[in-house]
Amino acid sequence: MISADDWPLDNRVDQVRAWLLVHLDTPFEKREANNIAQILLEHHSGKTRVQLLFNEVSFSEMELVQLKNSLKKLVAGQPVQHVVGESHFLGFDFKVSKDCLIPRPETEELVSWVLESITKESNILEIGTGSGCIPIVLKKKLPGAKVSTLDVSPKAIAIAKANAEEHHAELEFIEASIFDYKSDSLWDVVVSNPPYIPVSDKSEMAGHVLDYEPDIALFVPNSEPLKFYEAILKFCKTHLAPKGKLFVEIHEAYGEECKVLFQGFFDEVIVKKDMQGKDRMIQASLI
């Protein structure tokens with residue numbers, strides 16, 4: 001609980017940061033608390049990380065009031081990305097809401113791998129639009145590519161369209177389910193971060209994920225943990241161009257199972273670990 005008379009010792013940035021950390025250190029691990037404090041300081045001051053470090057920045061009374069309101073929301077369990085209304089992803093800011101996933105660092109690694117591996121003029125389909133972070137970054141980094149994105153949720157597509165407009169990224173939006181989507185097109189590259197968390201894992205997950213992100217984008221039945229990969233593979237068999245590539249994010253526990261599944265169709269399948277050393281993504285190629 002943050003009382004009415006609970007304020008920083010003064011309005012200088014170092015004192016404000018210390019005050020934030022006093023309240024954030026209990027609900028969050030130290031590194032995460034520092035990251036969250038930095039996001040709040042940048043958001044409410046309008047200053048960059050460098051400006052906050054090397055300039056004598058002070059907060060106005062109104063900025064302190066706004067900062068305190070944000071802190072209350074965080075302590076109550078709301079994700080910082082929802083508190084500030086946006087999430088950073090590979091150098092871009094994206095609007096987020098309860099209708100889409102908050103972009104993760106692991107997904108940044110997946111997109112970086114895609115960018116390292118494909119040509120600038122590729123015809124790309126991304127499955128599972130969400131906030132639009134994946135297709136928008138791909139289009140911004142590969143302006144010569146044609147990028148389409150598919151999602152079953154009209155609310156998620158609305159958020160992604162707003163983000164695409166903000167970043168001046170021309171995308172084709174497809175409102176459909178990968179389980180029944182039909183098209184005459186062929187794609188050089190298919191990319192997806194599909195739902196892959198078994199429902200049984202819910203009990204181990206943080207409340208700010210369960211309460212503020214859509215189940216439809218997170219979970220799969222315990223009896224069908226690979227259902228989306230099976231659907232994506234079926235789609236690729238008829239819609240992936242010769243020498244095409246598939247990139248997917250995966251659950252750390254199902255790396256080998258996904259590899260075996262994709263080896264039934266693709267010529268080369270590579271499982272890659274994330275920065276934490278966990279099996280997290282796959283590149284499957286037709287040679």
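Condition (residue is of a type in the set (S, T, N, Q), outside any loop (DSSP other than H, G, I, E, B) and under 25 Å from Ser285 (Cα atoms)) applied to the stretch 189-197: is it met by at least one residue? Taking every residue of the stretch 189-197 in turn, at least one turns out to be of a type in the set (S, T, N, Q), outside any loop (DSSP other than H, G, I, E, B) and under 25 Å from Ser285 (Cα atoms). Inside the stretch 3-46, residues that are among the hydroxyl-bearing types (Ser, Thr, Tyr) and either closer than 22 Å to Glu86 by Cα or modelled with pLDDT of 95 or more (or both) make up a count of 1. Of the residues making up the stretch 185-205, those that are among the acidic types (Asp, Glu) and surrounded by 13 or more Cβ atoms within 10 Å (Cβ to Cβ) are Asp188, Asp201. Just one of the listed residues (Lys182, Lys146) is loosely packed, with under 15 Cβ neighbours inside 10 Å, out of contact with any His (no Cβ under 8 Å at 6 or more places or on another chain) and of a type in the set (Lys, Arg), namely Lys182.
Residues of the stretch 94-147 being of a type in the set (A, V, I, L, M) and under 9 Å from the mean Cα position of the chain (by Cα), which ones? Matches in the stretch 94-147: Leu101, Ile102, Ile134.
Residues of the stretch 19-50 that are over 20 Å from Gly77 (Cα atoms) and either out of contact with any helix residue (DSSP H, G or I) (no Cβ under 7 Å at 6 or more places or on another chain) or small (Gly, Ala, Ser) (or both): Ser45, Gly46, Lys47, Val50. Return yes when Ala169 is free of Cβ contacts under 8 Å to residues at least 40 places away in the same chain, closer than 23 Å to Glu109 by Cα and not in a helix (DSSP H, G or I) and no when it is not. Here the answer is yes, as Ala169 does meet what is asked. Which of the following residues is touching a residue at least 12 places away in the same chain (Cβ under 8 Å), among the charged types (D, E, K, R) and under 25 Å from Glu29 (Cα atoms): Asp188, Asp211? Going through Asp188, Asp211 in turn, just one is touching a residue at least 12 places away in the same chain (Cβ under 8 Å), among the charged types (D, E, K, R) and under 25 Å from Glu29 (Cα atoms): Asp211. Restricting attention to the stretch 84-93, the residues being in a loop (DSSP other than H, G, I, E, B) and within 11 Å of the chain's Cα centre (by Cα) number 1. When the stretch 225-253 is limited to residues that are charged (D, E, K, R) and surrounded by 20 or more Cβ atoms within 10 Å (Cβ to Cβ), the one that is nearest to Asp184 (Cα to Cα) turns out to be Lys245.
So which residues in the stretch 98-139 are acidic (Asp, Glu) and not in a helix (DSSP H, G or I)? Once the filter is applied, which keeps residues that are acidic (Asp, Glu) and not in a helix (DSSP H, G or I), the stretch 98-139 yields Asp99, Glu121, Glu126.
Looking only at residues in the stretch 19-75 that are free of Cβ contacts under 8 Å to residues at least 40 places away in the same chain, within 20 Å of Ile2 (Cα to Cα) and of a type in the set (Gly, Ala, Ser), the one that is surrounded by the most Cβ atoms within 10 Å (Cβ to Cβ) is Ala37.
The values are calculated or read from the model by the stated rules, or taken from the named source; none is laboratory data. Being a predicted model, the structure only gives us computed values, none of them experimental. Note that each Cβ is placed from the backbone with ideal geometry, even for glycine, and that neighbours are counted across all protein chains shown.
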